[in-house]
């Protein structure tokens, strides 16, 4: 009798495991803004104080080709990534050593885009059976005071690129107040 119960449990387990369905996501990555560690950064007005805020974005990618390609170890921000036109992708976005990009908007500059820094995420190999990916990207951005005793409001617009060159949608962070008084 015990053998029949064990066999039935094993058959049920095998049946349940074979019913796992692959998530169905588009091949273009998609991101959503998930969380922000703080919306107020208070720094002394010394010009040398630095603090950071942690951002969390969730992502999906249907063909699973996410992360910086293997062999690329440059994890610095994009050199010369000046924001010139939001409607077109700049040369900075063609850099293969980064795949998470963001625009920084600062009050007092007509909310203009200052630059397009890039961040490298980890390489994720494409799975053969179930390539679709879903997960969170967690990273920090540093803030420092210019030494002028000002209060700035900053926002960030994020987007990602997969290894095939597909770009995701763009998401906007809540305002972050940087108080340097």
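The values are calculated or read from the model by the stated rules, or taken from the named source; none is laboratory data. These numbers come from a predicted model, not from an experiment. Cβ: placed from backbone, ideal geometry, glycine included. Neighbour counts: every protein chain shown.
Hey, among 90, 58, which residue is closer than 20 Å to residue 170 by Cβ, surrounded by 14 or more Cβ atoms within 10 Å (Cβ to Cβ) and modelled with pLDDT under 70?
Working: 58 fails: modelled with pLDDT under 70.
Just a single option satisfies the conditions, and that option is 90.
Using the structure shown, decide if residue 108 is surrounded by fewer than 19 Cβ atoms within 10 Å (Cβ to Cβ) and modelled with pLDDT under 85.
yes
Looking only at segment 33-63, count every residue that is in contact (Cβ under 8 Å) with a residue 24 or more places away in the chain, under 19 Å from residue 154 (Cα atoms) and in a strand (DSSP E or B) and tell me the total.
Number of matching residues: 14.
Do the conditions hold for residue 157, that is, is it loosely packed, with under 13 Cβ neighbours inside 10 Å and within 26 Å of residue 64 (Cα to Cα)? Walk me through how you get there before you give the answer.
On the way: loosely packed, with under 13 Cβ neighbours inside 10 Å: no; within 26 Å of residue 64 (Cα to Cα): yes.
When the stated conditions are applied, residue 157 does not pass them.
Filter segment 121-149 down to residues that are modelled with pLDDT under 80 and exposed (fewer than 15 other Cβ atoms within 10 Å of the Cβ) and give me whichever is nearest to residue 105 (Cα to Cα). Even if it seems obvious, please write down each step before you answer.
Initial filter on segment 121-149 (modelled with pLDDT under 80): 145-149.
Subsequent filtering for residues that are exposed (fewer than 15 other Cβ atoms within 10 Å of the Cβ) retains 146-149.
Working: 146: 16, 147: 19, 148: 19, 149: 19 Å.
It comes out as 146.
For segment 160-174, enumerate the residues that are surrounded by 14 or more Cβ atoms within 10 Å (Cβ to Cβ) and closer than 26 Å to residue 49 by Cα.
Step one: list which residues in segment 160-174 are surrounded by 14 or more Cβ atoms within 10 Å (Cβ to Cβ), which gives 160-163, 166-168, 170-171, 173.
Within segment 160-174, 173 is the sole residue that qualifies.
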